[in-house]
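A.B. asks: Handing you this structure, nothing more for now.
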Amino acid sequence: MKSIEKIDLEYLTASDYKELQALMYKCYPNMQDPTWNKDQIKKLTTIFPEGQAVIKVDGEIVACCMSIIVNYSKFDDRHKYNDITGNDTFDTHDPNGDTLYGLDLMVHPDYRGLRLGRRLYDYRKELCEELNLKSILYGGRLPNFHKYDNVTAKEYIEKVKSKEIHDPVLNFQLSNDFYVKRVVKNYLPEDEASESYAALLEWTNIYYSEPEKEYKKEYKPEKSIVRLGLVQWGMRPYDGWDDLTEQIEYFVDAVSGYRSDFLLFPEYVNAPLMAEYNHLSEPDAIRQLAKYTDRLRDTFAEFAISYNVNIITGSMPEFKDDVLKNVGYLCKRNGEVERYEKIHPTPDEVKVWGMSGGTQIKTFDTDAGKIGILICYDVEFPELSRILGKEGMDILFVPFLTDTQNGYSRVRNCAIARAIENECYVAVAGSVGNLPKVHNMDISFAQSVVFTPCDFSFPTNGIKAEATPNTEMILIVDVDLNLLKELHEQGSVRTLKDRRTDLYDVILK
């Protein structure tokens, strides 16, 4: 697979048909005619544009899903595909219906393994919740059923669920939190591989409420509840690059499994690799470690796409043009990569390694809010976060590495202050454990935490959740961005709005 620069999720349009047709032939190589004709796509994109989504990789369509809304009370669990679609006329689409019905989902064979199908299902789930629909239904084919002569359809499904039989369609649906409502005979009579059987699958929207609902003509996902995953990283000897990145991927996989929007690693996450250079002086050893930085950035970027999570990589040393800096990357799940720098190296970083400070101070726009990132010592300078707060920052991420409890207390207490001052969430993640064979990085102390402002809608002590101190683990936390909007206007105190800018201000030179 070629390298990926950007992934976008967009609405399918009628003008995309030629590309869609090519995708159909790739996904269904045995078909004689396209599964979907041009008129059908034109109608679907007209009556329900939000239900037809594509994923583009570097501008090329590589995955697609199509859906309609139905009033399910007009059908029952024994319906056929033609019943639901009105014999492919889609006249059954009801903007005021209660169920999102999946018609098709396809992923280019060359791009499978990137979890693009799951990304489309996450979109469908968000759409179902946004439109306040009861559930998502889907008639799942059983493409391997024809291989088992003495097994009934019901037995086949049970064997798939118990992992005795592999079925690519049903396994995918079950892994995306669908459950089998019933087996349907003659769902697609022409589906010989499934012997015309299908599993009627359902995902239930737990947020559904009986509404007086007016169908929204346009759906633009705007997340309110954002899920954060913090890695309290274990500093310990690793057996080289593969061992380290395997552990990183383990945490990415774990946090992604909880459908997290962000994943935060700590400062100097790749420090264990410096053990190989412990025979060198400290300045030479960290410059050798810097040779891994570009490679690790690219690895994180691949994980962000594959696991569908925005990754804040913590930090790594960078040595370019004879200048050593402490930098990190925001690897977005759409393939974009943005860089941030530590502005204030600690006195120890300057003295031992010859570290220089960066100059880049900015917020980052993401699909789950506007964020800021400050590396460790930088959070102890309130001017930086105030600049980010003025730009509308919702969440401040702070990857850190501290050796002693008093060093950790400085980071923690300043992070609490930054949450109050800037009316934002602050997530801090650090490393624990020891590196006995790495000079100047031998011990670590940390407790990863998500802090909040202190007002009635938030915890009274400003702590949303915290990890166990000095234990390798992950922390999964949900934060509500709408609460910040209310705080900005209606809080008991309003530290952003009530600033006396007639007397003072903080500016970026």
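The values are calculated or read from the model by the stated rules, or taken from the named source; none is laboratory data. Worth saying up front: this structure is predicted, and the values here are computed from it rather than measured. FYI the Cβ positions are ideal-geometry reconstructions off the backbone, even for glycines, and counts take in every protein chain you see.
A.B. asks: Looking at the stretch 342-381 only, could you name the residues that are buried (at least 21 other Cβ atoms within 10 Å of the Cβ), of a type in the set (D, E, K, R) and either touching a Leu at 6+ places or on another chain (Cβ under 6 Å) or within 19 Å of L396 (Cα to Cα) (or both)?
C.D. replies: Selection gives K342, D378.
A.B. asks: Going by what's in this entry, would T460 be described as assigned to a loop (DSSP other than H, G, I, E, B), of a type in the set (S, T, N, Q) and over 20 Å from P266 (Cα atoms)?
C.D. replies: yes
A.B. asks: With respect to V426, determine if the residue is out of contact with any helix residue (DSSP H, G or I) (no Cβ under 7 Å at 6 or more places or on another chain), surrounded by 24 or more Cβ atoms within 10 Å (Cβ to Cβ) and part of a strand (DSSP E or B).
C.D. replies: no
A.B. asks: Could you list, ordered by first residue, the pairs with Cβ atoms under 7 Å in which the first is in the stretch 345-371 and on the phi > 0 side of the Ramachandran plot and the second is modelled with pLDDT of 95 or more and part of a strand (DSSP E or B), at least 6 apart or interchain?
C.D. replies: Final answer for the pair search is G354/L324; G369/V226; G369/I395.
A.B. asks: Can you name every residue in the stretch 293-309 that is in contact with a Phe, Trp or Tyr (Cβ under 7 Å, 6 or more places away or on another chain) and surrounded by fewer than 22 Cβ atoms within 10 Å (Cβ to Cβ)?
C.D. replies: Passing the criteria: only R297.
A.B. asks: Out of (1) farther than 21 Å from T35 by Cα; (2) in contact with a strand residue (DSSP E or B) (Cβ under 8 Å, 6 or more places away or on another chain); (3) modelled with pLDDT under 90, the odd one out for K181 is which?
C.D. replies: Condition not satisfied by K181: (3).
A.B. asks: A further question on this structure: So which residues in the stretch 422-453 are out of contact with any strand residue (DSSP E or B) (no Cβ under 8 Å at 6 or more places or on another chain) and at pLDDT below 95?
C.D. replies: Residues satisfying the conditions are P436, K437, V438, H439, N440.
A.B. asks: Of the residues in the stretch 450-476, how many are of a type in the set (A, V, I, L, M, F, W, C), out of contact with any Ser or Thr (no Cβ under 8 Å at 6 or more places or on another chain) and free of Cβ contacts under 8 Å to residues at least 60 places away in the same chain?
C.D. replies: Going through the stretch 450-476 one residue at a time, the tally reaches 2.
A.B. asks: Can you give me the number of residues within the stretch 69-89 that are within 33 Å of the chain's Cα centre (by Cα), farther than 19 Å from N132 by Cα and either part of a strand (DSSP E or B) or hydrophobic (A, V, I, L, M, F, W, C) (or both)?
C.D. replies: Number of matching residues: 1.
A.B. asks: Say whether the condition of being under 25 Å from N171 (Cα atoms) and aromatic (F, W, Y) is met by at least one residue in the stretch 47-64.
C.D. replies: no
A.B. asks: Name the strands (runs of 3 or more DSSP E) wholly within the stretch 95-192 that hold at least 1 residues that are surrounded by fewer than 14 Cβ atoms within 10 Å (Cβ to Cβ) and on the phi < 0 side of the Ramachandran plot?
C.D. replies: 179-184
A.B. asks: From the list E50, E5, E10, which one is over 22 Å from Y197 (Cβ atoms), charged (D, E, K, R) and either in contact with a Leu (Cβ under 7 Å, 6 or more places away or on another chain) or assigned to a helix (DSSP H, G or I) (or both)?
C.D. replies: Exactly one of E50, E5, E10 is over 22 Å from Y197 (Cβ atoms), charged (D, E, K, R) and either in contact with a Leu (Cβ under 7 Å, 6 or more places away or on another chain) or assigned to a helix (DSSP H, G or I) (or both), namely E50.
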